[in-house]
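*Asks:* Take a look at this one; I'll ask things after.
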Amino acid sequence: MTTKQPDWEAIERAYRAGSLSLRAIADKYDTNEGTIRSRAKKHGWLRDLTEQVRTATKEKLSREVSRTDVTQPDVREDAQIVEEAATEAASVVLAHRSDLAQWRGIAKKLGAFLGGVDVTAENHGDFARSLNAGVDAQLKLIKGERQAYNLDAEGGPTDADEFTKLLDELEKEG
C-alpha cells in the first residue's frame, strides 16, 4: 500500500501567498501543520507574498486589475502565486456578499412576518432568538473565512493560533 505524497509545490505556493493559515493549508492538502512548518523551515520558505495577495484581492474586487508583461521567471512565478491566491480570496469575499444578501432577505422576511403578528411575551423571545442565532452564525462564518484567508490582518500572521481558537469555539457551539 502506497501513501500519497502531498503536493509540495502547491503547499509552498499557498504558504508563500500567506492567505491560508497553516492549519487550513494542512487540511486542504491532507498533511499536518508540523510537517509543513518543518519543510518551510528546511527550505527557507517565507510568507512573503501576503501583502501582494491582499493588494491584488482588493484590485480584483474593485475591478481595477492592470496586467503587465513579465519577463523574469521568478517574478512571473510570484505573480502567478499572487494571482491564484487573490482569485481564491476574491471568491471568498464575493461569496460573503451573496451570503449576506441571503441573510438580509431572511431578516427582512422575518421582520415582515413579525410586523404582521401580535408580538406577545410568549412569542417575542422565540423570534428574537432565531434571528439573533442566524446573524451570529453568519458573522462567525465570515470571521473564520476572513481569518483563514488573512484578509483583515495588517501584518499577516505567521501562525494559526487565533484561527484555531475560533474553529474550536465554533465546534463547541455546533
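The values are calculated or read from the model by the stated rules, or taken from the named source; none is laboratory data. Keep in mind the model is a prediction, meaning the values are calculated, not measured. Heads up, the Cβs are rebuilt from the backbone with ideal geometry, glycines too, and the neighbour counts pull from every protein chain shown.
*Asks:* Any residue at all in segment 110-117 that is surrounded by 11 or more Cβ atoms within 10 Å (Cβ to Cβ), at pLDDT 70 or above and either in contact with a Phe, Trp or Tyr (Cβ under 9 Å, 6 or more places away or on another chain) or of a type outside the set (A, V, I, L, M) (or both)?
*Replies:* Within segment 110-117, none of the residues are surrounded by 11 or more Cβ atoms within 10 Å (Cβ to Cβ), at pLDDT 70 or above and either in contact with a Phe, Trp or Tyr (Cβ under 9 Å, 6 or more places away or on another chain) or of a type outside the set (A, V, I, L, M) (or both).
*Asks:* Just to be sure before I move on: is residue 162 out of contact with any Phe, Trp or Tyr (no Cβ under 8 Å at 6 or more places or on another chain), part of a loop (DSSP other than H, G, I, E, B) and at pLDDT below 65 in the structure I sent?
*Replies:* Values: out of contact with any Phe, Trp or Tyr (no Cβ under 8 Å at 6 or more places or on another chain): yes; part of a loop (DSSP other than H, G, I, E, B): no; at pLDDT below 65: yes.
No; evaluated as a whole, the condition is false for this residue.
*Asks:* Could you say which residue among 104, 129 is among the basic types (Lys, Arg), at pLDDT 75 or above and assigned to a helix (DSSP H, G or I)? Don't jump to the end; show me each part of the working.
*Replies:* Working: 104 fails: at pLDDT 75 or above.
Answer to the check: 129.
*Asks:* Against the conditions (1) at pLDDT below 80; (2) more than 25 Å from the chain's Cα centre (by Cα), where does residue 122 fall short? Just the number, please.
*Replies:* Evaluating residue 122 over (1) at pLDDT below 80; (2) more than 25 Å from the chain's Cα centre (by Cα) leaves (1) as the failure.
*Asks:* Any residue at all in segment 38-61 that's outside any helix (DSSP H, G or I), at pLDDT below 85, within 23 Å of residue 146 (Cβ to Cβ) and in contact with a Ser or Thr (Cβ under 9 Å, 6 or more places away or on another chain)?
*Replies:* Scanning segment 38-61, I find no residue that is outside any helix (DSSP H, G or I), at pLDDT below 85, within 23 Å of residue 146 (Cβ to Cβ) and in contact with a Ser or Thr (Cβ under 9 Å, 6 or more places away or on another chain), so the answer is no.
*Asks:* Please specify each residue of segment 1-35 satisfying the condition of being over 18 Å from residue 92 (Cα atoms), among the hydroxyl-bearing types (Ser, Thr, Tyr) and assigned to a loop (DSSP other than H, G, I, E, B).
*Replies:* Hits for segment 1-35 are 2, 3, 29, 31.
*Asks:* Among the residues of segment 68-91, is any out of contact with any helix residue (DSSP H, G or I) (no Cβ under 7 Å at 6 or more places or on another chain), hydroxyl-bearing (Ser, Thr, Tyr) and either in a loop (DSSP other than H, G, I, E, B) or at pLDDT below 85 (or both)?
*Replies:* Taking every residue of segment 68-91 in turn, at least one turns out to be out of contact with any helix residue (DSSP H, G or I) (no Cβ under 7 Å at 6 or more places or on another chain), hydroxyl-bearing (Ser, Thr, Tyr) and either in a loop (DSSP other than H, G, I, E, B) or at pLDDT below 85 (or both).
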